[in-house]
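**Q** Just dropping this structure here.
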Amino acid sequence: MRERLFLVFLAMAVISACAISSPLQSVPASSRQGYFSDPGDFWGVNFKPGQPVSGGALLESVAGPCDQDALENDLELLKRMPPDIPLRVLGFTDSEECSALQCYELSLRRAQVLNDWLLSRGVPKSRLSAPMGLGSERPVGDNRMEDGRAQNRRAYISYEDVP
């Protein structure tokens, strides 16, 4: 009985850790600004502060283990979409981890590393326009709070005609 109780507790701990490790998934639907408003839309990934460094890998740079699920979701959704829908990977930063030009460079690295990951998984280069970094523009979280900043350190696949 004691062993069973321990296993149940362990399973619950693992599930709850996954549920909170990606702050983006806890964002209310009303603040998800389009790209998260529909369950069929791309989820995107969150990054550790200052990541990726130049030449860094995507999986080493993402915020948590649930981001791997988000990557697989987005890849499968992309594969099911009609090939004529124009797409682009966008990257963002929070307002504290960098400043001015550094934010644009970091956000572009985030977009580029996600773009490269998609290409390495068989997405044709013709499906994606050049990745774009937008710095700390368009925050989805409150940059005064760590949880909000964590939500803003992100990259996602966007419908290219969305400004």
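The values are calculated or read from the model by the stated rules, or taken from the named source; none is laboratory data. These figures come from a predicted structure and were not determined experimentally. We place every Cβ from the backbone using ideal geometry, glycine too, and count neighbours over all the protein chains shown.
**Q** For Leu106, state whether it is part of a helix (DSSP H, G or I), closer than 17 Å to Leu58 by Cα and over 12 Å from the mean Cα position of the chain (by Cα). Spell out how you get there, then give the answer.
**A** Working: part of a helix (DSSP H, G or I): yes; closer than 17 Å to Leu58 by Cα: yes; over 12 Å from the mean Cα position of the chain (by Cα): yes.
Against the criterion (part of a helix (DSSP H, G or I), closer than 17 Å to Leu58 by Cα and over 12 Å from the mean Cα position of the chain (by Cα)), Leu106 qualifies.
**Q** Same structure again: Quickly run through the range 72-103 and pick out the residues that are in a helix (DSSP H, G or I) and over 14 Å from Trp43 (Cα atoms).
**A** Filtering the range 72-103 for residues in a helix (DSSP H, G or I) gives 72-80, 101-103.
If the condition is that a residue be in a helix (DSSP H, G or I) and over 14 Å from Trp43 (Cα atoms), then Lys79, Arg80, Leu101, Gln102, Cys103 are the ones that fit.
**Q** Checking the condition modelled with pLDDT under 95, in contact with a Lys or Arg (Cβ under 7 Å, 6 or more places away or on another chain) and of a type outside the set (Val, Ile, Thr), which residue from Ala29, Ala63 passes?
**A** None of the other options fit; the residue is Ala63.
**Q** From the set of residues in the range 142-161 that are surrounded by fewer than 21 Cβ atoms within 10 Å (Cβ to Cβ) and in contact with an Asp or Glu (Cβ under 7 Å, 6 or more places away or on another chain), which is nearest to Gly64 (Cα to Cα)?
**A** Our first condition is that a residue be surrounded by fewer than 21 Cβ atoms within 10 Å (Cβ to Cβ); within the range 142-161, this holds for 142-148, 159-161.
If we keep only those that are in contact with an Asp or Glu (Cβ under 7 Å, 6 or more places away or on another chain) too, we end up with 143, 148.
Numbers: Asn143: 20, Gly148: 16 Å.
If we take residues in the range 142-161 being surrounded by fewer than 21 Cβ atoms within 10 Å (Cβ to Cβ) and in contact with an Asp or Glu (Cβ under 7 Å, 6 or more places away or on another chain), then Gly148 is nearest to Gly64 (Cα to Cα).
**Q** Residue pairs, Cβ under 7 Å, 6 or more apart or interchain, first in the range 113-124 and farther than 20 Å from Val53 by Cα, second assigned to a helix (DSSP H, G or I). List them.
**A** If the second residue must be assigned to a helix (DSSP H, G or I), the pairs left are Arg121/Leu75; Val123/Leu78.
**Q** Here are some residues: Ser99, Ser107, Ser120. Which one is of a type in the set (Ser, Thr, Tyr) and either touching a Lys or Arg at 6+ places or on another chain (Cβ under 8 Å) or crowded, with 18+ Cβ neighbours inside 10 Å (or both)?
**A** Details: Ser99 fails: either touching a Lys or Arg at 6+ places or on another chain (Cβ under 8 Å) or crowded, with 18+ Cβ neighbours inside 10 Å (or both); Ser120 fails: either touching a Lys or Arg at 6+ places or on another chain (Cβ under 8 Å) or crowded, with 18+ Cβ neighbours inside 10 Å (or both).
None of the other options fit; the residue is Ser107.
To keep it simple, each residue is scored yes or no on (1) under 21 Å from Asp94 (Cα atoms); (2) of a type in the set (Gly, Ala, Ser); (3) at pLDDT 95 or above; (4) within 17 Å of the chain's Cα centre (by Cα).
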| residue | (1), (2), (3), (4) |
| --- | --- |
| Leu119 | no, no, yes, yes |
| Pro124 | no, no, no, no |
| Pro131 | yes, no, yes, yes |
| Arg138 | yes, no, no, yes |
| Arg144 | yes, no, yes, no |
| Gly148 | yes, yes, yes, yes |
| Gln151 | yes, no, yes, yes |
| Ala155 | yes, yes, yes, yes |
| Ser158 | yes, yes, no, yes |
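**Q** Continuing with this model, one more query. Consider the range 61-86. How many of its residues are in contact (Cβ under 8 Å) with a residue 60 or more places away in the chain and either under 19 Å from Gly148 (Cα atoms) or buried (at least 21 other Cβ atoms within 10 Å of the Cβ) (or both)?
**A** 2
**Q** I've got another one for you. From the list Asp41, Asp69, pick out the single residue that is modelled with pLDDT under 95, in a loop (DSSP other than H, G, I, E, B), closer than 19 Å to Leu118 by Cβ and of a type outside the set (Lys, Arg). It would help to see each step written out before you state the result.
**A** Working: Asp69 fails: in a loop (DSSP other than H, G, I, E, B).
It is Asp41.
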